[in-house]
Amino acid sequence: GGGDPPVPPPPPADPARDEADSDPELPAFWLYTSGKDKGKLKRSTKKLFIALDDVAVGVPLHRFIFALGIPQVGITTAKLLAGRYGSLEAFRAAAVAEVDAAAAAAAA
């Protein structure tokens, strides 16, 4: 019968992402802190970034920000944020900086 089309399989792993998964600018809780993978992105973080990148393709930035479901960020605030940052990359960089600042304040 008629129904939803089958869900396509996930995209193949991107080796470039695996090579570049150590980034000193990322919050510590996104990285492994010990063992053979110390300093590398956690698998869950990689999956999150891949999902965000895949979903964001072709979606206006304000709609993407609104869809994140951030408390107290409605469509109007999402439009303001999109206007302020202009791109997903700039929005992500600002979010990382904010998380780093909050972590530093909490550690002090």
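Quick check: convex hull of the Cα atoms in the range 59-107, volume per residue, rounded to a whole Å³? Before the final figure, lay out each step's value.
Details: hull volume 3.7 nm³, N = 49.
It comes to 75 Å³ per residue, whole-number rounded.
Could you give the dipole magnitude of the range 22-108 about its Cα centre, charging the beta-carbon of Lys and Arg +1 and that of Asp and Glu -1, in debye to the nearest 20? All intermediate terms of the calculation are to be shown ahead of the outcome.
Numbers: 11 positive and 8 negative charges, 51 e Å.
The calculated dipole for the range 22-108 is roughly 240 debye.
Bear in mind that the values in this text are calculations on the coordinates, not laboratory data. As the structure is a prediction and not an experimental result, all values here were calculated from the model. Quick reminder, even Gly has a Cβ in these numbers, built from the backbone with ideal geometry, and neighbours come from all protein chains shown.
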